[in-house]
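Below is one structure; the comments refer to it alone.
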Amino acid sequence: MKQHPYAVQLLIERRFDPGADSPRYRQLYELLRQMVVDRELTAGTRLPSTRAMAAALGLSRHTVSTAVERLLAEGYLISRPGSGTYVSRHFASSKHDERPPGPARSADSLSRRAAAVISAPRSPFPFASGARTDSGAFRLGIPAVDQFPVGHWLRALNAAWKEAAKTGLGYQHPLGYPPLRQAIAHYLRASRGLNCQSEQVIVTAGSQQALELTFRLVIDPGAAVALEDPGYLGARAAALSAGARTIAIPVDREGLDVAALRALQDPPSAVFVTPTHQFPLGATMSLPRRIALVGWAEQNRAWILEDDYDSEYRYDGRPFDPLAVLDRAGRVIYIGTFSKVLFPALRLGYLVVPPSLVDAFEAAHLSSDIHRPLIEQMALARFIDQGHFAAHLRRSKEVHAERRQALLDHSARSLGGYLDIQPASAGLHLFGLLAAGTDDRAVAAAAARRGVDVWALSPHSLRDQRAGLLLGYGGVLPAAIPHGVAQLGRAIEDARPAPAPTR
Ligand SMILES: Cc1ncc(COP(=O)(O)O)c(C=O)c1O
């Protein structure tokens with residue numbers, strides 16, 4: 001419906017509220033343009049003359065004409081000689097626009113996959129916000145970043161910049177900087193016995209992107225994925241975001257219960273496992289289970305996603321070979337990360353995939369981030385080649401072993417009756433069982449109030465009913481351990497339900 005020119009004039013007058021920060025003609029231009037776009041001035045409406053607008057708004061005619069001419073030139077207004085200036089027909093309201101506005105778009109307009117990811121529990125990483133997050137008891141997932149050789153890293157970064165500035169700062173190979181892929185392949189052959197070539201190594205943004213890319217490539221929406229229960233929330237989130245249906249498989253002292261997996265009538269398309277150091281309970285998968293799991297994947301043409309996130313830290317001899325070593329049929333996708341051997345903020349990890357999948361991962365990277373930042377990849381390749389990585393790893397192993405022992409000693413002394421620390425011979429965290437019936441989330445909250453950071457077990461479980469706590473030690477300065485243990489003991493007491501009143 002067209003509006004009367006006088007009504008239009010009143011409307012513009014009411015809405016024009018000039019500020020001091022830009023020229024008047026520009027403010028009028030922006031106001032009129034917004035009113036046209038918002039359909040406050042409807043298509044076909046005649047504008048008041050420039051003389052009338054100037055008088056009503058207290059502006060010069062030149063100011064008004066400059067604004068109107070610009071709107072004419074841009075097509076918001078049209079001029080009919082001898083008749084006047086009108087709002088362009090391009091802004092005619094469609095039938096849809098004339099309906100009353102519907103409710104604001106809300107979460108229900110997201111995909112089902114998004115809804116599943118949003119409602120799943122998330123790992124409570126203490127994201128850094130300026131404060132140091134590396135010394136507090138008992139932060140999870142953080143190695144001894146206080147030991148990181150920052151000087152060597154800076155020199156590697158500097159050299160990388162110099163080289164990159166010469167060789168080009170354009171797009172790079174989606175699968176990763178070739179010398180870094182070679183360095184990783186060499187490291188995995190030497191330290192994990194993996195018989196892999198650098199062409200099979202794909203650089204990712206930590207193991208999290210490796211999981212996302214892999215589930216997206218190997219899972220159809222609605223397909224089943226088996227997950228360890230309790231298990232890693234990052235894997236669950238990545239499976240859900242690929243549209244997977246998740247199936248919880250129990251874990252015991254030998255790792256994933258492969259018999260329970262075999263017993264499923266409808267075999268899942270993929271299974272996620274942490275065989276070297278089960279997250280979060282800490283078991284190492286026995287050799288018979290490893291052989292059975294690889295055999296199951298081969299028989300069922302299912303994929304195994306093997307997350308070898310902290311196998312470098314082993315406290316009682318050599319770790320078992322990865323599942324990928326036992327894989328003859330190309331069913332294992334091996335995932336590693338630099339988050340635990342260097343530092344999490346680096347966001348670099350890798351995949352080792354069967355040769356038949358390399359091209360698919362290249363396509364997936366192109367549709368995701370194209371490639372990881374070049375300079376960090378170049379610096380890391382240099383850092384590894386010059387021996388700093390191996391030296392840092394040696395030092396970190398010693399430091400982590402000391403911190404682990406300090407945590408074991410102090411908890412044996414002070415937490416004996418409260419927290420039953422379970423044996424685990426690898427990794428950067430320990431798991432302890434609380435008395436049956438304890439609310440582990442309440443304990444974690446009480447600990448946080450006392451400045452101690454522990455994770456409750458229950459959010460990591462789909463079916464497992466046990467109550468427990470996860471205690472990181474890698475990034476905890478030794479001086480913080482005795483006080484942290486004492487505070488944790490008090491927190492467990494705080495969270496104990498009050499005894500029922502006696503009559
Ligand atoms: C089971 C597991 N996998 C992988 C990671 C590392 O993830 P990212 O490489 O994405 O930092 C963690 C970190 O805590 C973890 O617990």
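General observations
- Selection count, region 62-90, where residues are part of a helix (DSSP H, G or I) and not β-branched (Val, Ile, Thr): 11
- The lone criterion from (1) touching a residue at least 12 places away in the same chain (Cβ under 8 Å); (2) not in a loop (DSSP other than H, G, I, E, B) left unmet by residue 59 is number (2).
- Residues satisfying the stated conditions in region 446-503, i.e. over 22 Å from residue 406 (Cβ atoms), touching a Gly at 6+ places or on another chain (Cβ under 9 Å) and in a loop (DSSP other than H, G, I, E, B): 457, 461, 462, 467, 497
- Which numbered condition residue 227 fails, given (1) more than 10 Å from the ligand (Cβ to nearest atom); (2) within 20 Å of residue 360 (Cα to Cα); (3) in contact with a helix residue (DSSP H, G or I) (Cβ under 7 Å, 6 or more places away or on another chain); (4) hydrophobic (A, V, I, L, M, F, W, C): (2)
- In region 331-364, the residues that are surrounded by fewer than 23 Cβ atoms within 10 Å (Cβ to Cβ), in contact (Cβ under 8 Å) with a residue 40 or more places away in the chain and away from the ligand (no atom under 16 Å from the Cβ): 354, 355, 357, 358, 360, 361, 362, 364
- Near pairs, Cβ below 9 angstrom, 6+ apart or cross-chain, from region 115-137 (farther than 15 Å from residue 455 by Cα and at pLDDT 85 or above) to any residue that is of a type in the set (Asp, Glu) and loosely packed, with under 15 Cβ neighbours inside 10 Å: 115/108
- Looking at 183, 165, 160, 226, just one residue is of a type in the set (Gly, Ala, Ser) and in contact with a strand residue (DSSP E or B) (Cβ under 7 Å, 6 or more places away or on another chain), and that residue is 226.
- As for region 282-295, it holds no residue that is on the phi > 0 side of the Ramachandran plot, more than 16 Å from the ligand (Cβ to nearest atom) and at pLDDT below 95.
- Test for residue 183: is it within 16 Å of the ligand (Cβ to nearest atom), under 16 Å from residue 379 (Cα atoms) and among the aliphatic types (A, V, I, L, M): no
- Qualifying residue in region 434-445 (condition: within 28 Å of residue 341 (Cα to Cα), in a loop (DSSP other than H, G, I, E, B) and more than 22 Å from the chain's Cα centre (by Cα)): no
- Residue, modelled with the lowest pLDDT, within region 188-206, restricted to residues that are surrounded by fewer than 24 Cβ atoms within 10 Å (Cβ to Cβ) and within 16 Å of the ligand (Cβ to nearest atom): 192
- Identity of the residue in region 296-313, more than 16 Å from the ligand (Cβ to nearest atom) and under 28 Å from the mean Cα position of the chain (by Cα), that ends up surrounded by the most Cβ atoms within 10 Å (Cβ to Cβ): 303
The values are calculated or read from the model by the stated rules, or taken from the named source; none is laboratory data. These numbers were taken from a predicted model, which means no experiment stands behind them. A quick note on method: Cβ atoms are made from the backbone with ideal geometry, for glycine too, and the neighbour counts reach across all protein chains shown.
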